[in-house]
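Below is one structure, written out as structure tokens; the observations come after it.
The values are calculated or read from the model by the stated rules, or taken from the named source; none is laboratory data. Keep in mind it's a predicted model, so treat the numbers as computed, not measured. Neighbour counts run over all protein chains shown; Cβ positions are idealised from the backbone, glycine included. Side chains included, ligands, DNA and RNA excluded: accessible areas come from the protein's heavy atoms. Shrake-Rupley method; radii C 1.70, N 1.55, O 1.52, S 1.80 Å.
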Amino acid sequence: MRRVIISGGGTGGHIYPAITIARAIAEIEPTEFLYVGSKTGLENTLIPKEGLPFVTLDVRGLERKLSFRNFITLGKTAASLIKAEAIIHRFKPDVVIGTGGFVCGPVLLAASLSGIPTLVQEQNVIPGVTNTILSKFVNRIALGYREAAGRFKNKDVLVYTGNPVRQDILTVSREEGRGALGLEPDKFTLLVAGGSRGARSINTAMIEVHKYFKDIDDIQILHITGDHEYDRVIKQLDGIDRKGRYGQGSRIIPYLHDMPAALAAADLAVYRAGAVGLAELAVRGVPSILIPYPYAAEDHQRYNAQALVMCGAAKMILDKMLTGRDLLEEILHLKENPKALENMTKASKSMGKPQAARAIAELALSIARRRNADAKKGV
């Protein structure tokens, strides 16, 4: 049985790809997994629910640039590296995979120094500082965007795979999605979401959008505000009912577990530009209006969004320029131009990589098999 360590921590953007890759590996061959996360990240909640064996390291952050101070910081976190080496020695993995976050640093560095094959999956156009440093040690880097290649010096280890998406994102039909969410089967459907915590700027701009479409019956809007923003939003919309229904077709909710259904139902999406969300939009071919999170490290969401804009799959409004009027005008323009939406759908699908998880899984297993073959030959 294959043995695989996966490490990724802090945010869902690092954790969900790790889970998806693990599932893809398990579909290829029997595998025993160990997930190594940080003590304080979201993985402490998500990974146990997946049933994956889980251990943690006490790690701290690095500067988001190559610097002498980062190497000093790595030295000061020697305890984490020693613990990572102990975990690797005890588990004896065939391959170690990192999907981002500070915790990956000591785990993949320890694996590399121990001669264990290593793979990093980089989701963004602008690589994270941990993955940038690890690129000097790992065997392969699976890129979510081709544009990220220019950010790495060692081109020999780069493989463009796209970003992995959950299987259930791919399998829900439009009819099933709209039926599951209680949406009308034939209305133009706008999906608005700013992440699990919500996006205040998007939610604020949507107030004007909801009011404009209140008495218009040829559109339905599913607006996911985030738990922390819901009360603020509904207080600004007179006449909203207890189920979050407003006017002819707006439905405003704090959170939605069934995002595969929502993506399947959507004709157009208003989104942030996190790598996981964009990958899901692309495989579904959903045209989008993107408002990148302005405080993301090195403004990497803006670069993610630009990749979709450049190929014609999305429009972009910078957060600092966002107003209700601007967002409404963009929505109206696309809603009333089916040909433009059709072209955006084709462009979005052209960027989607529905087999990315499988490709990354095969890549990881291939470097594990190569090491095993070399060991048998005595290389």
Exercise for the section: Find the accessible area per residue for segment 202-271; the probe is 1.4 Å, ligands and nucleic acids are left out, and the unit is Å². Expected result: 44 Å²
Completion exercise
On the accessible surface of segment 168-351, probed at 1.4 Å with all protein chains in place, carbon and sulfur together account for a percent value of 48 percent
Completion exercise
In the chain, whole DSSP H helices that both stretch 18 Å or further along their axis by alpha carbon positions and average at least -0.5 on the Kyte-Doolittle scale are 12-28, 78-91, 200-212, 356-377
Exercise for the section: Return the distance in nm (one decimal) between the two label points of a simple spin-label model at ARG3 and ALA149, each offset 7 Å from Cα along Cα→Cβ. Expected result: 3.6 nm
Problem - Listed residues ASN343, ASN124, ASN139, most fluctuating in the chain (Gaussian network, C-alpha, under 10 Å) - result: ASN343
Practice task
Provide the per residue accessible area, probe 1.4 Å, for segment 283-335, rounded to a whole number of square angstrom.
Solution key: 44 Å²
Completion exercise
With TYR35 itself left out, Lys, Arg at +1 and Asp, Glu at -1 over residues whose Cβ is under 11 Å from its Cβ give -2
Handout entry: Principal axis dimensions, segment 116-175 - Cα atoms, whole angstrom, descending
Key = 47, 27, 19
Exercise for the section: Mind pulling up the Rg/Rh value for segment 1-47? Radius of gyration and Kirkwood radius, both on Cα. Expected result: 0.99
Handout entry: For segment 122-273, convex hull of alpha carbons as volume per residue, Å³
Key = 131 Å³
Problem - Longest site-free stretch - the chain; sites: GluC sites (Glu not before Pro), DSSP loop, at most 15 other Cβ within 10 Å - result: 64-335
Handout entry: Eligible lysines near LYS320 by straight Cα distance, threshold 23 Å, same-chain separation 8 or greater
Key = LYS211
Exercise for the section: Straight distance only, please: which aspartates and glutamates reach the Cα of LYS155 with their own Cα at less than 13 Å, same-chain residues fewer than 8 apart left out? Expected result: GLU147
Fill in the blank from the handout: Per-residue ellipticity at 222 nm attributable to helices in the chain (runs of n ≥ 4 DSSP H, -39500 (n - 2.57) apiece, nearest 500 deg cm²/dmol) works out to -13500 deg cm²/dmol
Problem - Using a Förster distance of 56 Å, the FRET efficiency for LEU332-ARG369 (Cβ separation, nearest 0.05) - result: 0.55
Problem - Long-range tail of P(r) for the chain (Cα pairs > 31 Å, %) - result: 38 percent
Handout entry: Mean separation of Cα contacts under 8 Å, 6 or more apart, over the residue count of the chain: relative contact order %
Key = 16 percent
Handout entry: Area accessible to solvent at THR130, 1.4 Å probe radius, in Å²
Key = 10 Å²
Exercise for the section: Add +1 for every Lys or Arg and -1 for every Asp or Glu among the other residues with Cβ under 10 Å from the Cβ of VAL165, and state the total. Expected result: +1
Handout entry: Euclidean distance between Cα centres, segment 153-169 to segment 236-284, Å
Key = 27 Å
Handout entry: segment 181-284: chymotrypsin sites (Phe, Trp or Tyr not before Pro) falling in loop per DSSP and having at most 15 other Cβ within 10 Å
Key = TYR255
Practice task
Averaging over all projection directions, find the projected area of the Cα convex hull of segment 168-351 and quote it in nm² with one decimal place.
Solution key: 9.5 nm²
